[in-house]
1. Considering each residue of the stretch 244-264, count those that are in contact (Cβ under 8 Å) with a residue 60 or more places away in the chain, buried (at least 19 other Cβ atoms within 10 Å of the Cβ) and in a loop (DSSP other than H, G, I, E, B), and give that number.
2. Pairs under 8 Å by beta carbon, first residue among the hydroxyl-bearing types (S, T, Y) in the stretch 96-111, partner outside any loop (DSSP other than H, G, I, E, B), six or more apart or different chains?
3. Of these, L128, L148, L103, L117, which one is part of a loop (DSSP other than H, G, I, E, B) and either surrounded by fewer than 17 Cβ atoms within 10 Å (Cβ to Cβ) or at pLDDT 95 or above (or both)?
4. Would you say S203 is small (G, A, S) and open to solvent by less than 70 Å² (accessible area, probe 1.4 Å)?
5. Return yes or no: is R108 buried (at least 16 other Cβ atoms within 10 Å of the Cβ) and basic (K, R)?
6. Exactly one of (1) free of Cβ contacts under 8 Å to residues at least 24 places away in the same chain; (2) within 17 Å of D14 (Cα to Cα); (3) not hydrophobic (A, V, I, L, M, F, W, C) is unmet by Y119. Its number?
7. Within the stretch 63-81, is even one residue crowded, with 17+ Cβ neighbours inside 10 Å, hydrophobic (A, V, I, L, M, F, W, C), under 16 Å from the mean Cα position of the chain (by Cα) and in a helix (DSSP H, G or I)?
8. Restricting to the stretch 230-243, name every residue that is of a type outside the set (D, E) and either more than 15 Å from N55 (Cβ to Cβ) or surrounded by fewer than 24 Cβ atoms within 10 Å (Cβ to Cβ) (or both).
Amino acid sequence: MNAIAPLTLGFVSDLHYGPEARFEGRLRKLTAHAGALAASAVAALDAAGVDAIVNLGDDIEDESHDLDLARYQDCQATLRAARAPVINVAGNHDTIHLKARELVDAWRGSLGAPARLHYSFDLASWHLVVLHTVERRDTDVHLPPEQLRWLRDDLASTTRPTVVLMHHSASEQELDDSRWFSKAPHLALVDNRAALREVLEASGVVRAVFNGHLHRNHCDVIGAIPYVTLQSLVENLDDDAPGRPAATWATARLTATRIVVRVRGNDPARYQFDR
């Protein structure tokens, strides 16, 4: 193919529109501010001039079908107000009460024209793959075998540099210091992640993998592929109320030889990867 044109992706994750969310008796998600924080992130990403905005999932804090659907649509409307087109990933909270078809319907007009929760498409010189990791509540997280087979075939069909987008993590990050998952690592990391990484590495085209879900910033490089976890928009950086939101948004500038990730907000980070 021709020379690889640079691509700049914007990111938000774990917006959690919905009821107050406490964990172990403390206010952990500042859900009351989700709408304002999302609108602010969209304005910042517009100002940054990104080519597309990636929503890494968990738009809602689940409560009931009707409330979840209304809040999911509200979140999507905020994201679609951006000048840049949106790429959507389904999170575990999004799928507790809502069906796949309802999410896909809410994604109308987003990039990739998805007809299901996992899909792929080309954007400029790049190939983007969206995976749907499945969480069985309080049990485990996995990538279904048929989706893993689809992924292998999809990656074999392209020579473009590829970015993989997913909600849960496929890395090997330690979770002893995680607020949310120190006692439940099986709900943070994809159970069959070694098999998934084998497919990604064997393809020879995957340049980076991005996920949310863990409510913190983290990066691993495994098999020469960076796995970047992005902080939640609404995570409370303090120990309890009234709280201080992470207000996280991020950009990733991708070129033929370098990827630079800049995480903005109240919990900033920066990562750089060179080929």
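1. Number of matching residues: 2.
2. S110/R80; S110/V86; S110/I87; S110/N88
3. Details: L128 fails: part of a loop (DSSP other than H, G, I, E, B); L148 fails: part of a loop (DSSP other than H, G, I, E, B); L103 fails: part of a loop (DSSP other than H, G, I, E, B).
Selected residue: L117, the only one of L128, L148, L103, L117 that is part of a loop (DSSP other than H, G, I, E, B) and either surrounded by fewer than 17 Cβ atoms within 10 Å (Cβ to Cβ) or at pLDDT 95 or above (or both).
4. Numbers: small (G, A, S): yes; open to solvent by less than 70 Å² (accessible area, probe 1.4 Å): yes.
It is true that S203 is small (G, A, S) and open to solvent by less than 70 Å² (accessible area, probe 1.4 Å).
5. Values: buried (at least 16 other Cβ atoms within 10 Å of the Cβ): no; basic (K, R): yes.
Considered against the rule, which asks whether it is buried (at least 16 other Cβ atoms within 10 Å of the Cβ) and basic (K, R), R108 comes out as no.
6. All conditions pass for Y119, except number (2).
7. Within the stretch 63-81, one or more residues are crowded, with 17+ Cβ neighbours inside 10 Å, hydrophobic (A, V, I, L, M, F, W, C), under 16 Å from the mean Cα position of the chain (by Cα) and in a helix (DSSP H, G or I).
8. Narrowing the stretch 230-243 to residues of a type outside the set (D, E): 230-234, 236-237, 241-243.
N236, L237, A241, P242, G243 - these are the residues of the stretch 230-243 that are of a type outside the set (D, E) and either more than 15 Å from N55 (Cβ to Cβ) or surrounded by fewer than 24 Cβ atoms within 10 Å (Cβ to Cβ) (or both).
The values are calculated or read from the model by the stated rules, or taken from the named source; none is laboratory data. The structure presented is a predicted model; accordingly, all values stated were derived computationally and were not measured. Please note: Cβ atoms are built from the backbone with ideal geometry, for glycine as well, and neighbour counts cover all protein chains shown. Note: areas computed on protein heavy atoms with side chains; ligands, DNA, RNA excluded. Shrake-Rupley method; radii C 1.70, N 1.55, O 1.52, S 1.80 Å.
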